[in-house]
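Asker: If you scroll down you'll find the structure; I have some questions about it.
The values are calculated or read from the model by the stated rules, or taken from the named source; none is laboratory data. Computed from a predicted structure; not experimentally measured. Heads up, the Cβs are rebuilt from the backbone with ideal geometry, glycines too, and the neighbour counts pull from every protein chain shown.
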2 protein chains.
Amino acid sequence: MSRLDSMIRRLEAQRATLNAAAERIRGRAGVVLEFGLGNGRTYDHLREILSGRDIYVFDRQVAAHPDCVPPDDRLYLGDLFETLPQAVADLGGRGALAHLDIGTGDKLESVALSQRAAPMVAELLAIGGVVVSDQPLDGFTAFAPLPLPEGVKAGRIFLYERV
Amino acid sequence: MSRLDSMIRRLEAQRATLNAAAERIRGRAGVVLEFGLGNGRTYDHLREILSGRDIYVFDRQVAAHPDCVPPDDRLYLGDLFETLPQAVADLGGRGALAHLDIGTGDKLESVALSQRAAPMVAELLAIGGVVVSDQPLDGFTAFAPLPLPEGVKAGRIFLYERV
């Protein structure tokens, strides 16, 4: 499988899982949390499939397409472990959906980042909220694995319910 | 259509068209020319579907994944309009397939780049060679449009035969 094949599969898994997560929270109140803005591709998708929801975005800096830059008052800019405590104070328990896309390219570092962020992500979410993550969050009792959408291979992306 | 949807469609169109181009040159001698290495995703795909062919790569600098860096003696590094004449001297008429992925994000600039490169790309290719391009090369008598693979929408990518 080439890197082109693998990128297509990754993006398709991401889209299918975000769509499934959006479906799960239909009719349930709560804000959306996007960890890792990057070029704004999935932010753009989230605001399309979750139109009308407030989407709060976390990243070190804004490097997105100009038409995918969130409003200033929904941006948590800077080191995640400095912004997360502030976000918990502002929004704790109000999250319906969180998308963690904080992989750095270095597998061990990405896993460590997600593991360290997970307890605060749990605090942000309401019970019954869902998490789509590019890294596994197994081992946290706050997160129960949910089945992935059809066609998405296990391990390519992860879906959890906040319990 | 979100930017995530649009990226998936663009990559799928790229893969389907590269695969169709590789199929067209099966059994025909000639080297492969990749214009724009980027992160090496399509280079990796080309070396998978055209295994055994020499692939020559053009870019300003190498910014690819370490496992997608071409051998030094197949790299034309620097400004395209300085390296193209050298490549024509080295490889003129020996190209079986060229992939132009030189879009800069600025539409007008990308079209201008492709139009300026097209005559030299034509010199690099053997008659019957094929070109996959992210920009249209209409108006060049050296290039006759070929039908796109099924499922690929016109205008998303372009396929030509060197005539």
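Asker: Please go through the stretch B:63-75 and give me each residue that is away from chain A (no Cβ under 11 Å), part of a loop (DSSP other than H, G, I, E, B) and crowded, with 16+ Cβ neighbours inside 10 Å, ordered by number.
Answerer: The one that is away from chain A (no Cβ under 11 Å), part of a loop (DSSP other than H, G, I, E, B) and crowded, with 16+ Cβ neighbours inside 10 Å: B:Pro70.
Asker: A follow-up question, please. In the stretch A:1-11, which residues are of a type in the set (Ser, Thr, Tyr) and surrounded by fewer than 15 Cβ atoms within 10 Å (Cβ to Cβ)?
Answerer: Of the stretch A:1-11, the ones of a type in the set (Ser, Thr, Tyr) are A:2, A:6.
Selection gives A:Ser6 alone.
Asker: Can you name the number of the only condition in (1) at pLDDT below 95; (2) under 19 Å from B:Pro136 (Cα atoms) that B:Pro66 fails?
Answerer: Among (1) at pLDDT below 95; (2) under 19 Å from B:Pro136 (Cα atoms), the lone unmet condition for B:Pro66 is (2).
Asker: Out of A:Gly40, A:Gly95, A:Gly30, A:Gly52, which single residue is away from chain B (no Cβ under 14 Å) and free of Cβ contacts under 8 Å to residues at least 40 places away in the same chain?
Answerer: On the way: A:Gly40 fails: away from chain B (no Cβ under 14 Å); A:Gly95 fails: free of Cβ contacts under 8 Å to residues at least 40 places away in the same chain; A:Gly30 fails: free of Cβ contacts under 8 Å to residues at least 40 places away in the same chain.
Within the list A:Gly40, A:Gly95, A:Gly30, A:Gly52, the selection yields A:Gly52.
Asker: Would you be able to tell me the number of residues in the stretch B:28-48 that are surrounded by fewer than 17 Cβ atoms within 10 Å (Cβ to Cβ) and part of a helix (DSSP H, G or I)?
Answerer: The qualifying residues number 1.
Asker: Pairs needed: first member in the stretch A:1-13, within 19 Å of A:Asp101 (Cα to Cα) and touching a residue at least 24 places away in the same chain (Cβ under 8 Å); second member anywhere, assigned to a helix (DSSP H, G or I) and among the hydroxyl-bearing types (Ser, Thr, Tyr); C-beta distance under 7 Å; at least 6 residues apart or different chains.
Answerer: Close Cβ pairs satisfying both conditions: none exist.
Asker: Identify the residue in the stretch B:12-27 that is basic (Lys, Arg) and more than 10 Å from chain A (Cβ to nearest Cβ) and, among all such residues, is surrounded by the most Cβ atoms within 10 Å (Cβ to Cβ).
Answerer: Pass one, the stretch B:12-27, residues basic (Lys, Arg): B:15, B:24, B:26.
Those still in the list that are more than 10 Å from chain A (Cβ to nearest Cβ) too: B:24, B:26.
Numbers: B:Arg24: 17, B:Arg26: 8.
Restricting to residues being basic (Lys, Arg) and more than 10 Å from chain A (Cβ to nearest Cβ), the top hit is B:Arg24.
Asker: Which residues, taken from the stretch B:49-62, are in contact with a helix residue (DSSP H, G or I) (Cβ under 8 Å, 6 or more places away or on another chain) and outside any loop (DSSP other than H, G, I, E, B)?
Answerer: Hits for the stretch B:49-62 are B:Ile49, B:Ile55, B:Tyr56, B:Val57, B:Phe58.
Asker: Does the stretch A:104-120 contain any residue that is outside any strand (DSSP E or B), crowded, with 16+ Cβ neighbours inside 10 Å, in contact with an Asp or Glu (Cβ under 9 Å, 6 or more places away or on another chain) and without any contact (Cβ under 8 Å) to a residue 24 or more places away in the chain?
Answerer: Going residue by residue through the stretch A:104-120, those that are outside any strand (DSSP E or B) are A:104-120.
Those still in the list that are crowded, with 16+ Cβ neighbours inside 10 Å too: A:110, A:113-114, A:117-118, A:120.
Keeping just the survivors that are in contact with an Asp or Glu (Cβ under 9 Å, 6 or more places away or on another chain) gives A:110, A:114.
If we keep only those that are without any contact (Cβ under 8 Å) to a residue 24 or more places away in the chain too, we end up with A:114.
Within the stretch A:104-120 (the criterion being outside any strand (DSSP E or B), crowded, with 16+ Cβ neighbours inside 10 Å, in contact with an Asp or Glu (Cβ under 9 Å, 6 or more places away or on another chain) and without any contact (Cβ under 8 Å) to a residue 24 or more places away in the chain), the answer is yes, since at least one residue qualifies.
Asker: Go through the stretch A:123-143 and count every residue that is surrounded by fewer than 13 Cβ atoms within 10 Å (Cβ to Cβ) and within 19 Å of A:Gly92 (Cα to Cα). I'd like the intermediate steps shown before the answer.
Answerer: Residues of the stretch A:123-143 that are surrounded by fewer than 13 Cβ atoms within 10 Å (Cβ to Cβ), as a first pass: A:127, A:138-139, A:141.
Checking the rest, the ones that are also within 19 Å of A:Gly92 (Cα to Cα) come to A:127, A:141.
Looking only at that region, the number is 2.
Asker: If you go through the stretch B:83-96 one residue at a time, do you hit one that is under 30 Å from A:Pro66 (Cα atoms) and either surrounded by fewer than 18 Cβ atoms within 10 Å (Cβ to Cβ) or modelled with pLDDT of 95 or more (or both)?
Answerer: If we filter the stretch B:83-96 for residues that are under 30 Å from A:Pro66 (Cα atoms), which is where we start, we get none.
No, there is no match, as no residue in the stretch B:83-96 is under 30 Å from A:Pro66 (Cα atoms) and either surrounded by fewer than 18 Cβ atoms within 10 Å (Cβ to Cβ) or modelled with pLDDT of 95 or more (or both).
Asker: Now a separate question. List, please: which pairs have Cβ atoms under 9 Å, are six or more places apart or on different chains, and start with a residue in the stretch B:139-150 that is within 15 Å of B:Leu18 (Cα to Cα) and end with one that is of a type in the set (Lys, Arg) and modelled with pLDDT under 95?
Answerer: These pairs meet every condition: B:Leu148/B:Arg156.
Asker: Go through (1) under 28 Å from A:Pro66 (Cα atoms); (2) within 12 Å of chain A (Cβ to nearest Cβ) for B:Leu46 and report which single condition fails.
Answerer: (1)
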